[in-house]
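As structure tokens, the structure follows; a few thoughts come after it.
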């Protein structure tokens, strides 16, 4: 039995500072003052990961009761005992505690009923609905909702909003070339209606099928890449020396493996992020991707794997081999997204936005491969670019695969040759710097 009681949890009040009350098994109730609610109560599981102390939020009281918090804590401990990353733990869906009150459909709803709430009221309540949202997250969502939803439609009842109204809201943004903002605003409408459905079961969800207003054909753009062998060698050195910095439960230690696979296989970042273990054939040294999951979609893509790529996959399999996706995402996401790899290049490896992108690694292979005299058709096929018509592609499939095996292995070997040269240059510069300092000391 835990140390806390239901009576204590219900009655405890917030003081001037945040307070923590232990229940045993590293489960704590954190109580802190809140301007909006007077105080907030969160269930926190303490644990250690890679030698560092960390916390995991399991829910907030009263939405999550004391008994439910203990069950979640036990499930989380079992998750950690299996050696699984804490970010991959998703609390099981708790049974809904309160049943909707049955009313006579002929009886009009009370004035303060959710059926009479305006768009503004729903937005205000929705922004307070998730205790795990940070202040920055709430501010970002609030600013977007206020500008594009509350300001023009806040006075209307949510029940009076039609699909056509939301279409106009999204269309105004797309016509102004604000396609990224249109996508995010559509997401706000969708989340708002998902929240509203919890309070008003009879509310029709008119925020569906908005995707077509977000799509826009854009011109092909050039992705920042590296072309000089010295710069490429330095990039490989940074990859080899990178140590994952675990911060809370958001950092996934295997993201670095994703960059290695983009580098070794030249696959598009989203194809790597969405890769499944069933696609990997270790015996044949192939990565088989279904046609429907590739950009071209003309044929099933068989990507040959170099020895270096196989080594990365073998290491990765020890970490995520029990999952469907090779790179499972945290917080309930099926897999990581390309943005995760991009942030690693910028924040983890120290490159600037205009210096290198994840997609630019494919351009790096294309440029280098042509300069080193690799077979042009093999390079293009490895990049999943179509050559000739469908008949010629099918006829030459085996030929391309043999050439591609040679190309990917040569390229992987060449990358590490450049890395060794980069290390020697770095060591030489360091030695010259030390010698200069010694001479300066003698002169003094």
Would you mind calculating the relative contact order of the stretch 6-88 from Cα pairs under 8 angstrom and at least 6 residues apart, reporting the percent as a whole number? 19
By counting other Cβ atoms within 10 Å of each Cβ, how are 326, 266, 403, 156 ranked from fewest to most? 156, 403, 266, 326
Between rounded, prolate and oblate, where does the stretch 166-209 land on the alpha carbon gyration tensor, with a ≥ b ≥ c its root eigenvalues, rounded for a/c under 1.5, else prolate if a/b exceeds b/c? prolate
Going from the fewest other Cβ atoms within 10 Å to the most, one would list 241, 168, 301 as 241, 168, 301
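Checking the a/c ratio against 1.5 first, then a/b against b/c, what shape does the Cα gyration tensor give for the stretch 121-242?
prolate
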With R₀ set to 22 angstrom, the calculated FRET efficiency between the beta-carbons of residue 57 and residue 198, to the nearest 0.05, is 0.60
Mind giving me the FRET efficiency for residue 224 and residue 314? R0 is 25 Å, r the Cβ-Cβ distance, nearest 0.05 is fine. 0.20
Note on the stretch 6-88: alpha-carbon gyration tensor, axes a ≥ b ≥ c; rule is a/c under 1.5 for rounded, else prolate if a/b larger than b/c, else oblate; result prolate
In a solvent-free Debye calculation with one equal scatterer on each Cα, what is log10 I(q)/I(0) for the stretch 310-358 at q = 0.29 Å⁻¹, listed in the order of the q values? -0.99
Final fewest-first order of 155, 79 on the 10 Å Cβ neighbour count is 155, 79
Contact order relative to length for the stretch 114-213, counting C-alpha pairs under 8 Å separated by 6 or more residues, stands in percent at 35
How far, in nm, would the chain grow between residue 284 and residue 372 when pulled straight, counting 0.36 nm per residue and subtracting the alpha carbon separation? 29.0 nm
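Bear in mind these aren't lab numbers, they're just calculated from the coordinates by the rules spelled out. This structure is a prediction, so every number in the text was calculated from the model and none was measured. Positions of Cβ are generated from backbone atoms using ideal geometry, with glycine treated the same way; all protein chains shown enter the neighbour counts.
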